[in-house]
Amino acid sequence: MSDYSTSIDVDGDGTWDEHTVHEQADGSVELHADMNGDGRVDFIGHDYDADGLVDASEYDRNHDGVFETQMRDTDGDGWQDEEIADRNGDGAVDLAGTDYNEDGTLENVVLDNDFNGLIDTFVQDTDLDGRQDTIGFDFNEDGNTDAVVQHPNVTEYVDPVQYPNVNPLLSN
């Protein structure tokens, strides 16, 4: 057993959460946490190089035993800045987002709100203030934005997003 130690804030409330450390044969480390006290793991963190920073994580947000949300750190600073999720439990990704400025809010999100495998909504925080200020809709799911709703205080021009008519989030 090594001297591996790290602190994690699983729920983002600013306090370190209790967790167990599981060292793997390949030198990586898994961190497990039970966030609701039911005795089952609700969070798994992966520290692939055992440097004390979580590289990727999985969440069981509704505590049903299924890890429906995955996050990863794309720049190696320990902040989980990309998220994908299966919100309806059918095994398909229906939300993907990025937190560019690492403030805990996803600035760009694409959604499949009718769960048919096609992106139909995008949401943006264009001024990076932590609030969603632009929502775009592709009503007929042809890959083109049909309508954009923008908060009146946003002064930036939003370039409507175009997506192919298949969900790029579903390919691995």
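The values are calculated or read from the model by the stated rules, or taken from the named source; none is laboratory data. Worth saying up front: this structure is predicted, and the values here are computed from it rather than measured. Note: ideal-geometry Cβ built from the backbone for every residue, glycine included; neighbour counts use all protein chains shown.
Could you tell me whether Ala96 is in the same structural domain as Phe115 (by TED's automatic domain parsing), surrounded by fewer than 17 Cβ atoms within 10 Å (Cβ to Cβ) and over 13 Å from Phe43 (Cβ atoms)? It is false that Ala96 is in the same structural domain as Phe115 (by TED's automatic domain parsing), surrounded by fewer than 17 Cβ atoms within 10 Å (Cβ to Cβ) and over 13 Å from Phe43 (Cβ atoms).
Taken over region 12-38, the residue count meeting the criterion of being part of a loop (DSSP other than H, G, I, E, B) and farther than 29 Å from Asn88 by Cα is 7. Each residue in region 34-50 was checked for being more than 18 Å from the chain's Cα centre (by Cα) and either closer than 17 Å to His63 by Cβ or among the hydroxyl-bearing types (Ser, Thr, Tyr) (or both), and 8 pass.
Checking each residue of region 65-86 against the condition of being farther than 17 Å from Gly45 by Cβ, out of contact with any Lys or Arg (no Cβ under 9 Å at 6 or more places or on another chain), crowded, with 16+ Cβ neighbours inside 10 Å and at pLDDT 90 or above gives at least one match. Screening the candidates Gly117, Gly104 for the property of being in contact (Cβ under 8 Å) with a residue 40 or more places away in the chain, small (Gly, Ala, Ser) and farther than 30 Å from Leu53 by Cβ yields one hit, Gly117. On the stretch given as region 77-125, residues that are of a type in the set (Phe, Trp, Tyr) and over 20 Å from Asp142 (Cβ atoms) total 2. Just one residue in the set Val66, Val41, Val54, Val93 is outside any strand (DSSP E or B), touching a strand residue (DSSP E or B) at 6+ places or on another chain (Cβ under 6 Å) and more than 19 Å from Thr6 (Cα to Cα); that residue is Val93.
Determine, yes or no, whether Ser28 is surrounded by fewer than 10 Cβ atoms within 10 Å (Cβ to Cβ) and more than 18 Å from the chain's Cα centre (by Cα). So Ser28 does not fit the description; no.
Taking region 69-78 only, how many residues are out of contact with any Gly (no Cβ under 9 Å at 6 or more places or on another chain) and in a loop (DSSP other than H, G, I, E, B)? Counting residues in region 69-78 that are out of contact with any Gly (no Cβ under 9 Å at 6 or more places or on another chain) and in a loop (DSSP other than H, G, I, E, B) gives 5. Residues of region 41-58 being of a type in the set (Phe, Trp, Tyr) and closer than 13 Å to Asp9 by Cα, which ones? The one that is of a type in the set (Phe, Trp, Tyr) and closer than 13 Å to Asp9 by Cα: Phe43. So Ala85 passes all but one of these: (1) outside the structural domain of Asp42 (by TED's automatic domain parsing); (2) out of contact with any Gly (no Cβ under 9 Å at 6 or more places or on another chain). Which condition number does it fail? Just one mismatch for Ala85, condition (2).
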